[in-house]
Amino acid sequence: MITSATKLNAVIGNPLGHSLSPLLHNYMYERLGIDAVMLAFESSDLRKAVNGIKDLGIGLTAVTLPFKEAIMPLLGSVDPLASKIGAVNTVVNKNGRLSGYNTDILGIAAALKGVPVRGRKVLLLGAGGAALAAAYYAVSNGGDLYYLNRTPAKAKRLARRFGGEVILPKAVEGLDPDIIVNATPIGMHPKTDATPLPGYRFRKGQTVFDLIYNPVRTRLISEAARAGARAVSGEVMFAHQAIAQVKLWSGKQAESGKVIRFLDKNLINL
Ligand code: NAP
């Protein structure tokens, strides 16, 4: 029951139509016995949104595109890992002091658990906020990074920050990457016929990680799995980054198996 004691949490971004954070967070609050509700606030003015977090006493804020980088200078402190990545997806408000964290990286680590990265060729598609965390994960685990992005200048920015090489689409086949990470929205609902690598021949021994979780089985994931590659959906990352957000704010930890089963049940119906 929502009362005047119920705590308010938020997801901020623009657009937010795609965000499933409220669905997932509200499920976890109920499971963990936390009297809180998460609502989505689409904002066109980040500074005002940050003032709103303070004024309304919003305890936990999930930050999504396009604010993951821009919010950093507006916070009281930024966790060292989030600073190294260069992006914040979580803000915790303790008595008006806002601290920024990056839990996307924990979600990526959970999704790629058991996948060897050291000395492997990692092809990263996309160069936005989520790609920053994926690039950091790859370099900090000793991977050799290759970037492919619609706007090469943005990929070059990542290469300058994390090392690695920017490539063009025609170089993908010859590269023969061991790990492919899709950090673009290509293939996301409702354009589920799209894939970031049309005509690409996947192979056994490859890992293909699609950050998209809606749908769980994208065209990229289906094609990779059909070719015998290890295909990892963004669902695992989505679950783990949200579990870590709730833990940072409340100290309570939801069970990942239950959270993923909940997502399976609900994402399939979208
Ligand atoms: P973002 O900051 O907007 O970056 C998107 C990237 O994709 C940009 O590099 C952009 O290229 C590229 N892109 C967008 N539309 C494209 C198109 N039609 N053709 C080619 N390239 C295109 O977004 P983000 O926050 O990094 O998110 C990227 C994806 O990851 C989204 O699908 C999001 O849902 C997913 N994600 C999943 C999780 C999870 O927990 N599983 C967490 C975060 C994000 P330009 O540089 O040329 O603009």
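Just so you know, all these numbers are worked out from the coordinates, no wet-lab data involved. What you see is a predicted model, and the numbers here were worked out from it, not measured in a lab. Glycine also receives a Cβ, built like all others from the backbone with ideal geometry; neighbour counts cover every protein chain displayed.
Just the residues that are more than 20 Å from residue 250 (Cβ to Cβ), out of contact with any strand residue (DSSP E or B) (no Cβ under 6 Å at 6 or more places or on another chain) and either of a type outside the set (Lys, Arg) or within 15 Å of the ligand (Cβ to nearest atom) (or both), please, taken from region 43-66.
Passing the criteria: 44, 45, 46, 50, 51, 52, 55, 66.
Just checking, how many residues over region 148-168 are more than 10 Å from the ligand (Cβ to nearest atom), assigned to a helix (DSSP H, G or I), touching a strand residue (DSSP E or B) at 6+ places or on another chain (Cβ under 6 Å) and not small (Gly, Ala, Ser)?
Result for region 148-168: 1.
For region 133-145, does any single residue satisfy the condition of being buried (at least 22 other Cβ atoms within 10 Å of the Cβ) and within 21 Å of residue 219 (Cβ to Cβ)?
Yes; the residues of region 133-145 include at least one that is buried (at least 22 other Cβ atoms within 10 Å of the Cβ) and within 21 Å of residue 219 (Cβ to Cβ).
So how many residues does region 169-187 have that are away from the ligand (no atom under 13 Å from the Cβ) and either crowded, with 18+ Cβ neighbours inside 10 Å or at negative phi (or both)?
The qualifying residues number 10.
So residue 43 passes all but one of these: (1) over 24 Å from residue 212 (Cβ atoms); (2) without any contact (Cβ under 8 Å) to a residue 60 or more places away in the chain. Which condition number does it fail?
(1)
So, in region 204-232, exactly how many residues are touching a strand residue (DSSP E or B) at 6+ places or on another chain (Cβ under 6 Å), within 13 Å of the ligand (Cβ to nearest atom) and polar (S, T, N, Q)?
1
For region 165-203, how many residues meet the condition of being of a type in the set (D, E, K, R), under 23 Å from the mean Cα position of the chain (by Cα) and closer than 13 Å to residue 222 by Cα?
Total satisfying the criteria: 1.
Got a sec? Which of 117, 139 is away from the ligand (no atom under 14 Å from the Cβ) and under 16 Å from residue 232 (Cα atoms)?
Among 117, 139, only 117 is away from the ligand (no atom under 14 Å from the Cβ) and under 16 Å from residue 232 (Cα atoms).
What single numbered condition from (1) within 16 Å of the ligand (Cβ to nearest atom); (2) surrounded by 17 or more Cβ atoms within 10 Å (Cβ to Cβ); (3) in a loop (DSSP other than H, G, I, E, B) fails to hold for residue 70?
(2)
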